[in-house]
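Structure in structure tokens, see below.
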Amino acid sequence: TLNKKLIEKSEELKQLSNDLSSANENLIIKDRQKDDFLDSVAHELRTPITAIRSAGEILADDDDIPLDIKREFLNNIITESDRLSEIINDILYLDKLQHGEIALNIHENNIIETYKKALSPILHLIQQKNIHISEVDLLNQYIFEYDEARMIQLFHNILGNALKFTDEQGTIQTKLSEKNDFLIIKVFNTGKNIPEEDLEMIFDKFYQSKNQNIIKPIGSGLGLAISKRLVEAHSGNIKAENSGLGVTFTITLPKKIINNNEVEQ
Ligand SMILES: Nc1ncnc2c1ncn2[C@@H]1O[C@H](COP(=O)(O)OP(=O)(O)OP(=O)(O)O)[C@@H](O)[C@H]1O
Ligand SMILES: [Mg+2]
């Protein structure tokens, strides 16, 4: 029996050593992810800072700059500063979401009303691009429980992308449907497809695919990372797929929210 005990102990030790080494591996991966994250943050911050610095330098060095050019440089400084604070806000917000530090304020709401609240501030920009946007189905009521401010933010990100990636004269189409105890929201827009291998990665922090309309992508690739976490905080999921001459984002939300997802501040 002494032998048996020794064998048992040795098995136990082996198991412990395995656990330790996999914990160690996880730590190494986490550490690397943190490094990558910091690299991306530094990179994203550097771009607007460089623009601000060079505009400032030119203004400081030359007293004889014509007024209109001066104004252009000053406007650049303001735009880039705004961009900088937007990126910082997004990073901090995402960090809070990831650590469950955002308390959800769950109430019964009408999702169509919420959708309209998100759409109205950018509707004129959509119309400016001559994009045709479909009316959402008003016959159904779609009342269920969610955090309205977060849902507005989610639609704002998805519709903001649709506006950015739809060509002039293109189409944005939102459809709502119900399946079992889930609400399904599909936002389709015409425009460049997302390369298949990127369909999941676009939800990663800072990831921007190659399907941009302009050489230097606008934004920093945080919108969908935030969106995914907002949906998951409501026990739902979000995915992207190419459908013909465009892209569809599908958001699936349970009509009854599972309450243990509500996190304390
Ligand atoms: N509606 C869309 N049509 C085509 N591609 C899209 C669409 N929405 C997102 N993408 C792709 O996914 C990438 C990531 O989107 P995300 O919203 O996270 O970042 P972004 O819009 O580039 O920047 P940010 O949201 O921070 O301003 C985009 O850069 C683009 O490549
Ligand atoms: Mg975006």
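Determine the gain in length on full extension of the stretch Asn105-Lys9; use 0.36 nm per residue of separation and subtract their C-alpha separation, reporting nm with one decimal.
Values: separation 96, 0.36 × 96 = 34.56 nm, distance 5.09 nm.
Result: 29.5 nm gained on full extension.
Net charge within 15 Å of Ile78 by Cβ-Cβ distance, Lys/Arg positive one each and Asp/Glu negative one each, not counting Ile78 itself?
Working: positive: Arg53, Lys70, Arg71, Arg83; negative: Glu72, Glu80, Asp82, Glu86.
Value of the local net charge: 0.
Lys96 to Asp19: extension gain in nm, 0.36 nm per residue of separation minus the Cα-Cα distance? Walk me through the numbers on the way to the answer.
Working: separation 77, 0.36 × 77 = 27.72 nm, distance 2.96 nm.
Full extension of this stretch gives 24.8 nm more.
Given an 8 Å cut-off on Cα distances and at least 6 residues of separation, report the relative contact order of the chain as a percent. Before the final figure, lay out each step's value.
Numbers: 335 pairs, mean separation 44.6, N = 265.
Computed over the chain, the figure is 17 percent.
Just how far, in whole angstrom, is region 1-36 from region 147-161 if you go by their alpha carbon centroids?
Centre-to-centre (Cα) distance: 43 Å.
May I pose another question? Dipole magnitude of the chain about its Cα centre, charges +1 at Lys/Arg Cβ and -1 at Asp/Glu Cβ only, in debye to the nearest 20?
720 debye
Tell me the accessible surface of Thr166 in square angstrom (1.4 angstrom probe, heavy atoms of protein chains only), to the nearest ten.
0 Å²
When only Cα pairs under 8 Å and 6 or more residues apart are kept, what is the percent relative contact order across region 89-185?
Details: 95 pairs, mean separation 32.9, N = 97.
Computed over region 89-185, the figure is 34 percent.
Tally Lys/Arg at +1 and Asp/Glu at -1 over every other residue whose Cβ is under 14 Å from the Cβ of Lys34; what's the total? Before the final figure, lay out each step's value.
Values: positive: Lys30, Arg32, Lys205; negative: Asp31, Asp35, Asp36, Asp39, Asp95.
Around Lys34, the charge tally is -2.
Under 23 Å Cα to Cα from Lys116, which lysines show up? Leave out anything in the same chain fewer than 8 places away.
Filter leaves Lys129, Lys164, Lys175, Lys179, Lys186, Lys228, Lys239, Lys255, Lys256.
Also, I was wondering about something else. Determine the order of Leu176, Leu125, Leu154, Leu27 by accessible area, beginning with the largest, at a probe radius of 1.4 Å.
Leu27, Leu125, Leu176, Leu154
If I model a spin label as a point 7 Å beyond the Cα along the Cα-Cβ vector, how far apart are those points for Asp68 and Leu245 in nm?
In this crude spin-label approximation the distance works out to 3.8 nm.
How much net charge surrounds Ile91 when only the other residues with a Cβ under 11 Å from the Cβ of Ile91 are counted, with Lys and Arg +1 and Asp and Glu -1?
With Lys, Arg at +1 and Asp, Glu at -1, the net is -2.
Efficiency by 1/(1 + (r/R0)^6): what FRET value for Asp36 and Glu196, r their Cβ-Cβ distance, R0 = 22 Å, to the nearest 0.05?
Working: r = 23 Å, r/R0 = 1.05.
So the FRET efficiency works out to roughly 0.45.
Given a Förster radius of 45 Å and the C-beta distance between Thr1 and Leu27 as r, what FRET efficiency does 1/(1 + (r/R0)^6) yield to the nearest 0.05? It would help to have the intermediate numbers written out before the result.
Values: r = 39 Å, r/R0 = 0.86.
In this case the efficiency is close to 0.70.
Something else about it: Could you name the lysines whose alpha carbon sits less than 16 Å from that of Lys5, not counting residues in the same chain fewer than 8 places away?
Lys14
Same structure again: Please give the contour-minus-distance gain from Ile215 to Leu123: 0.36 nm per residue of separation, less the Cα-Cα distance, rounded to one decimal in nm. Each step should come with its number before you reach the end.
Details: separation 92, 0.36 × 92 = 33.12 nm, distance 2.52 nm.
Extra length from Ile215 to Leu123 when fully extended: 30.6 nm.
The values are calculated or read from the model by the stated rules, or taken from the named source; none is laboratory data. Only a predicted model underlies this, so the values are computations on that prediction, with no experimental measurement involved. Positions of Cβ are backbone-derived with ideal geometry, glycine not excepted, and every protein chain shown enters the neighbour counts. These accessible areas exclude ligands, DNA and RNA; they are computed on the full protein's heavy atoms, side chains included. Shrake-Rupley method; radii C 1.70, N 1.55, O 1.52, S 1.80 Å.
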